[in-house]
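Written below as structure tokens is the structure these notes are about.
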């Protein structure tokens, strides 16, 4: 669903068939579909994947970010608070998004995820080269 600048709705969700464990009760076996929440604001846009960002879902996030860049958004805020798990393909995508933003003189800001998600950035020693914020 394309977003026209200055038009309602102000945000939208993209649901996908990939499922992820509900961390509120990880032993209950409850699953919810992976989704991407998008909230545009003038030239920036907040992109919030919810669920597991891994080999099964990374291309969905990449496609959504590309669509938003093509729509004219220059500053991307990647909100990792809803990500329950991040594998190496998710890490690679974040690094690729950062590199693409730098190359285009754009900005990628990352809202820190849970301790489990942040650990992959720390263990791989890439935290210092990315722009993380707490919100």
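The values are calculated or read from the model by the stated rules, or taken from the named source; none is laboratory data. Nothing here was measured: the structure is a model prediction, and the numbers come from that model. Reconstructed Cβ throughout: ideal geometry from the backbone, glycine too, with neighbour counts over all protein chains shown.
Checking 64, 59 one by one, the residue that is without any contact (Cβ under 8 Å) to a residue 12 or more places away in the chain and either surrounded by fewer than 19 Cβ atoms within 10 Å (Cβ to Cβ) or assigned to a strand (DSSP E or B) (or both) is 59 and no other. Please indicate, with yes or no, whether at least one residue in the stretch 123-132 is touching a strand residue (DSSP E or B) at 6+ places or on another chain (Cβ under 8 Å), touching a residue at least 24 places away in the same chain (Cβ under 8 Å), within 16 Å of residue 46 (Cα to Cα) and crowded, with 16+ Cβ neighbours inside 10 Å. Looking for residues that are touching a strand residue (DSSP E or B) at 6+ places or on another chain (Cβ under 8 Å), touching a residue at least 24 places away in the same chain (Cβ under 8 Å), within 16 Å of residue 46 (Cα to Cα) and crowded, with 16+ Cβ neighbours inside 10 Å, one finds none in the stretch 123-132, hence no. Do the conditions hold for residue 77, that is, is it surrounded by 18 or more Cβ atoms within 10 Å (Cβ to Cβ), touching a helix residue (DSSP H, G or I) at 6+ places or on another chain (Cβ under 6 Å) and at pLDDT 95 or above? So residue 77 does not fit the description; no.
Quick one: would you say residue 49 is part of a strand (DSSP E or B), surrounded by 14 or more Cβ atoms within 10 Å (Cβ to Cβ) and at pLDDT 95 or above? For residue 49, the condition - part of a strand (DSSP E or B), surrounded by 14 or more Cβ atoms within 10 Å (Cβ to Cβ) and at pLDDT 95 or above - is met. Annotation note: of 84, 69, the sole residue that is over 12 Å from the mean Cα position of the chain (by Cα) and not in a loop (DSSP other than H, G, I, E, B) is 69.
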